[in-house]
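First comes the structure, then the notes that go with it.
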Amino acid sequence: MTDLKRRLTEAVSAAFTASGLDGTLGRVTVSDRPDLADFQCNGALAAAKAAKANPRALAEQVVARLRDDPRLASVEIAGPGFINMVVTDAELTLRAQEIAADPRLGASVTETPRRVVVDYGGPNVAKPMHVGHLRASIIGESIKRLFRFRGDQVWGDAHFGDWGFQMGLLIVAVGDEQPDLPFLAEGDGPFPTESPVSLADLERLYPIAAGRAKTDTDYRDRARRATALLQGGRPGYRALWRGFVEVSRTALEREFNALDIQFDLWNGESDADPLIPDMVAELEARGLLELDQGARIVRVAQPGDKRELPPLLVVSSEGSAMYGTTDLATILDRRRRLDPDLMLYVVDQRQADHFAQVFRAASLAGYAAEEALEHIGFGTMNGPDGKPFKTREGGVLKLHDLIEMAREKARARLREAGLGAELSSEAFEDTAHKVAVAALKFADLGNFRGTSYVFDIDRFMSFEGKTGPYLLYQSVRIKSVLRKAAEQGVAPGPLLVGEPAERELTLALDAYDTALSEAYAKRAPNLIAEHAYRLAQTFSKFYAACPILVAEDANIRASRLGFAKVTLDQLDSALRLLGIESPDRM
RNA sequence: GCGUCCGUAGCUCAACCGGAUAGAGCACUCGCCUUCUAAGCGAGCGGUUGCAGGUUCGAGUCCUGCCGGACGCGCCA
């Protein structure tokens with residue numbers, strides 16, 4: 001099943017070819033001028049340029065071949081050579097009925113399903129999630145759902161930051177505070193299985209230790225040695241580290257669940273670690289490694305580069321694995337275990353150079369084709385001052401606190417609307433949570449991921465305009481109508497396009513497939529968000545213009561109820577792809 | 001210094017492969033609840049697309065230069 005745009009593209013392309021023109025120029029798009037047409041094709045202009053001909057004359061040839069198309073109410077040439085098309089009500093009726101009958105609500109699947117790993121979230125041991133994690137989690141989750149919905153086999157991997165220098169820092173910090181810990185002893189143990197520190201301890205110690213390591217070289221060297229010993233397998237350090245990982249992960253999973261984010265894999269950086277010695281040996285054997293200032297590196301610069309890309313550091317002068325080493329080993333690990341066609345890294349744009357280095361090294365080593373590795377970068381979330389977001393006190397806002405702030409705003413608004421009396425306290429809390437999550441996610445996914453945006457809690461939580469709560473509201477309103485219809489014994493019937501609002505709604509529903517395939521191609525969930533918003537808005541117009549349950553004619557009543565039903569289904573489908581769930585009432 | 005990205009309405013953001021009259025939301029003004037949730041709908045106001053050149057029938061979009069900003073640039077992740 002294809003959408004109207006694609007069907008018309010086929011027809012217009014055929015007309016171009018039949019006129020002796022390049023068929024690919026027959027691409028049809030939704031009209032820029034809804035007052036003039038439903039769809040348009042600008043191909044005659046491009047064809048004229050290539051052939052040095054008159055665009056209107058070429059358009060005339062093409063249009064002549066389209067005049068008999070029964071699906072078109074009109075085909076006209078406008079301006080310098082735009083081909084404007086208006087679709088008949090009959091064709092729209094047919095399309096509306098198709099979408100209503102389609103379990104996928106008009107969305108197609110990809111022609112060639114792939115095996116895809118989406119690496120996102122990036123939680124770390126000992127670091128509570130903060131607003132900076134919000135984007136990675138929200139965007140990654142949406143991309144994962146989108147790819148899966150389009151038919152790919154997808155694994156979402158949290159890629160847990162449980163390894164590296166930060167672990168050495170924690171060992172030193174904890175050891176300094178509790179020097180009598182059995183874990184610090186050399187030898188094989190046995191060691192306690194209980195963590196000697198709480199998450200709160202780790203969260204308190206880590207920033208202090210990290211700060212000290214920046215200025216205190218002795219301290220830094222101790223942490224580096226601890227890192228090397230941990231990675232070398234010292235049993236006491238390993239046992240202590242396992243405690244860090246456990247207390248951290250428990251808390252992190254709770255937070256992800258609150259945002260309706262689920263990972264298929266919680267592979268830590270430590271899981272890639274066992275592969276490193278063989279990997280290093282192999283890189284060595286292939287002559288890819290070079291000794292430089294005591295470290296072992298892979299040179300990744302290429303001739304065409306505008307600037308020389310620094311080499312990837314594989315083994316530090318201390319003998320430690322680095323960030324890039326782990327990432328490289330992770331690629332190797334995934335290749336062996338999952339053999340993906342594509343790995344997407346949903347990580348802050350600022351790490352673009354790092355991923356370029358790792359991907360090139362992976363390509364050189366033959367671990368993955370460079371096209372199979374993609375960094376899906378996103379911009380930073382800034383405060384109202386345009387600088388990276390901070391609380392009023394200058395600290396980092398924890399994700400947990402952010403969600404609670406949002407929830408509190410949602411509760412207040414729900415109480416205003418009188419929902420407090422209507423719903424049980426459980427249902428009320430559930431609704432407040434859904435509204436809060438929708439507000440946060442839609443505020444983020446409404447923007448293209450690559451651009452930084454201003455994080456403004458009041459604007460986030462405003463329940464008016466282009467916001468998550470607006471979308472939920474439209475969904476809820478439709479559910480309410482459907483409930484009333486069921487009480488009155490009215491059932492949805494065949495969709496009939498007559499009123500302008502019904503035409504518009506059908507065209508909006510038809511645009512779902514394009515929105516999803518574009519979002520998929522560009523890895524850009526904001527296109528889903530935009531579609532959802534446009535659909536909700538178009539429905540709201542329809543709702544105002546076309547009474548449903550009070551319509552005189554029974555067929556029209558059933559048709560409009562059918563429009564309500566299919567709109568709800570597609571809207572909820574789109575929202576699910578954004579990771580947003582709509583409540584029953586609000 | 002080198003590199004990447006960005007500069008669009010008072011504010012926050014769009015603009016599909018270079019196409020028609022640069023669009024939304026917020027804010028502001030005005031209308032609309034004896035119809036299904038007004039968290040809504042309709043209408044209005046608001047623009048020299050940072051500046052200057054160039055290519056083109058046509059430039060927010062491509063090229064050059066300048067101004068302004070964010071970010072990155074081997075032993076943190």
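Observations on the model:
- 13 Å cut-off, amide nitrogen to a point 7 angstrom out along A:K49 Cα→Cβ, residues in region A:8-32: A:25
- Computed Rg/Rh of chain A, alpha carbon atoms with Kirkwood Rh: 1.05
- Heavy-atom accessible surface of chain A: percent carbon and sulfur, 1.4 Å: 51
- Segment A:E253-A:D458, extension gain: residue separation times 0.36 nm, minus the distance between their alpha carbons: 71.1 nm
- Each residue of region A:243-248 is assigned a 3J(HN,Hα), and the resulting list reads x, 4, 4, 5, 5, 5 Hz, derived from the Karplus form 6.51 cos²θ - 1.76 cosθ + 1.60 (θ = phi - 60°), x at Gly and Pro.
- Relative pair counts by distance (%), Cα atoms of region A:165-258, 10 Å bins: 17, 48, 29, 6, 0
- Three principal axis extents of region A:4-87 based on alpha-carbon atoms, in descending order, are 30, 23, 18 Å.
- For region A:80-221: rounded, prolate or oblate by the Cα gyration tensor [a/c cutoff 1.5]: prolate
- Accessible surface, region A:4-87, averaged per residue in Å² (probe 1.4 Å): 51
- Counting only residues at least eight positions apart within a chain, or on another chain, the aspartates and glutamates with an alpha carbon under 18 Å from that of A:K466 are A:D444, A:D456, A:D458, A:E530, A:D572, A:E581.
- Members of A:K144/A:K441; A:K409/A:K522; A:K144/A:K398; A:K434/A:K484; A:K441/A:K565; A:K214/A:K441 lying beyond 26 Å, as alpha-carbon distances in this model show: A:K409/A:K522; A:K214/A:K441
- Each Lys and Arg Cβ is given +1 and each Asp and Glu Cβ -1; about its Cα centre, region A:4-87 then shows a dipole of about 200 debye.
- Kirkwood Rh (inverse of mean 1/r, distinct Cα pairs), region A:480-570, angstrom: 13.7
- C-alpha center-to-center spacing [region A:214-236, region A:87-123] in angstrom: 52
- Aspartates and glutamates whose Cα lies under 15 Å from that of A:K49, excluding same-chain neighbours fewer than 8 positions away: A:D22
- Relative to the longest principal axis of the Cα atoms of chain A, the long axis of helix A:352-365 lies at roughly 80 degrees.
- Accessible surface, per residue, of region A:282-433 when the full set of protein chains is kept, probe 1.4 Å, Å²: 52
- Partner lysines whose Cα lies under 30 Å from the Cα of A:K52, excluding those fewer than 8 positions away in the same chain, are identified as A:K5.
The values are calculated or read from the model by the stated rules, or taken from the named source; none is laboratory data. What you see is a predicted model, and the numbers here were worked out from it, not measured in a lab. No Cβ is skipped: glycine too gets one built from the backbone with ideal geometry, and neighbour counts run over all protein chains shown. Heads up: the accessible areas ignore ligands, DNA and RNA and are worked out on the full protein's heavy atoms, side chains in. Shrake-Rupley method; radii C 1.70, N 1.55, O 1.52, S 1.80 Å.
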